[in-house]
1. Can residue 120 be described as farther than 30 Å from residue 245 by Cβ and in a loop (DSSP other than H, G, I, E, B)?
2. Counting only residues that are more than 20 Å from residue 252 (Cβ to Cβ) and assigned to a strand (DSSP E or B), how many does the range 26-73 have?
3. Please go through (1) in contact with a strand residue (DSSP E or B) (Cβ under 6 Å, 6 or more places away or on another chain); (2) at pLDDT 95 or above for residue 340 and return the number of the only condition it doesn't satisfy.
4. Among the residues of the range 235-260, what is the count of those that are farther than 20 Å from residue 66 by Cα, in contact (Cβ under 8 Å) with a residue 24 or more places away in the chain and in contact with a strand residue (DSSP E or B) (Cβ under 7 Å, 6 or more places away or on another chain)?
5. Enumerate the pairs (first residue in the range 50-69 and surrounded by fewer than 16 Cβ atoms within 10 Å (Cβ to Cβ); second residue anywhere and assigned to a strand (DSSP E or B) and at pLDDT below 95) with beta-carbon separation below 7 Å, excluding pairs fewer than 6 apart on the same chain, so at least 6 apart or on different chains.
6. Every residue in the range 74-91 that is assigned to a loop (DSSP other than H, G, I, E, B) and touching a strand residue (DSSP E or B) at 6+ places or on another chain (Cβ under 9 Å), please.
7. When the residues of the range 205-232 are narrowed to those that are surrounded by fewer than 21 Cβ atoms within 10 Å (Cβ to Cβ) and without any contact (Cβ under 8 Å) to a residue 60 or more places away in the chain, which ends up farthest from residue 324 (Cα to Cα)?
8. Considering only residues that are more than 13 Å from residue 212 (Cα to Cα) and either free of Cβ contacts under 8 Å to residues at least 12 places away in the same chain or touching a helix residue (DSSP H, G or I) at 6+ places or on another chain (Cβ under 9 Å) (or both), which ones fall in the range 337-346?
């Protein structure tokens, strides 16, 4: 695949708009999973450590209350609805993959350009933590509910889904392609085209180069998709370089925040389509500026507090929502595209 063909594929995907999303008159809230509370050992001593970047030690016990978390990362279509309804302005540049020494550059392409938004059901990126909070304030106001980012402890608890292994499904990185969109063989090919650089890839291939439609991979034991890979996810916590002094009740850690090069920082988790075996671990921590926008790593998903009788399980939905119906169509189209790629390579 050459670069022109790669960009043409993105444009073709972007042209396949979603009438279900475009026509939505009420806020598009994705299906939410009830995450039953419990206690777990947060952190890991196996992750790499770099000066000035958050590490995942010490391992410590945390008790998390029952809460809700969206089954999918926030999508381009959901964020577009917010921008169009509210008039919210996203000024400033977004980090992009590029052919330079660093492999990235700050450019004008934003969250809704074809390269960053191939379709309404891809995860939104080129949004900052500040943008995420603005979206959540709007969604809460429009629905009468209180949506928020998960705390870092809630996020890790949900991502690990009761597992104590390296990944929620076990210890073999080569199995990641069944569970996450990461830096595999297709990812290496696409990213090398954009950066001129390559590194050792995960030994599997899911036929997805950059981001892909949400929910394409197996859900974890809590029913959550894409907790690893696709895009990293902002959490509510500000940066702390270790877990020394971290809350033990699962709440967000928003005091005593540590800056980076003088700027305010927040934590994001879960790796991305550009993540290797370490970055795709549910215990690995990364950071970003509060106003930093990137097409390399960052998006988000939404959380919601539980209250009263809902904690016993609530009522099941009567049927698939318009969001779920549209997502199923987008997933089917993506599966067909992948099958065609595999067939043409034989």
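The values are calculated or read from the model by the stated rules, or taken from the named source; none is laboratory data. All values reported here derive from a predicted model rather than from experimental measurement. Virtual Cβ from ideal backbone geometry, glycine too; neighbours counted across all protein chains shown.
1. yes
2. Residues that pass the stated criteria total 0.
3. It is condition (1) that residue 340 fails.
4. Quick first cut of the range 235-260, residues farther than 20 Å from residue 66 by Cα only: 238-245, 254-260.
Now narrow it down to the ones that are in contact (Cβ under 8 Å) with a residue 24 or more places away in the chain: 238-244, 260.
In the following step, the residues that additionally are in contact with a strand residue (DSSP E or B) (Cβ under 7 Å, 6 or more places away or on another chain) were identified as 238-239, 243, 260.
Going through the range 235-260 one residue at a time, the tally reaches 4.
5. Within 7 Å, the pairs are 52/260.
6. Looking only at the range 74-91, we keep the residues that are assigned to a loop (DSSP other than H, G, I, E, B), and these are 74, 87-91.
Once the filter is applied, which keeps residues that are assigned to a loop (DSSP other than H, G, I, E, B) and touching a strand residue (DSSP E or B) at 6+ places or on another chain (Cβ under 9 Å), the range 74-91 yields only 74.
7. Out of the qualifying residues, it is 205.
8. First, pick out the residues of the range 337-346 that are more than 13 Å from residue 212 (Cα to Cα): 339-346.
Once the filter is applied, which keeps residues that are more than 13 Å from residue 212 (Cα to Cα) and either free of Cβ contacts under 8 Å to residues at least 12 places away in the same chain or touching a helix residue (DSSP H, G or I) at 6+ places or on another chain (Cβ under 9 Å) (or both), the range 337-346 yields 339, 340, 341, 343, 344, 345, 346.
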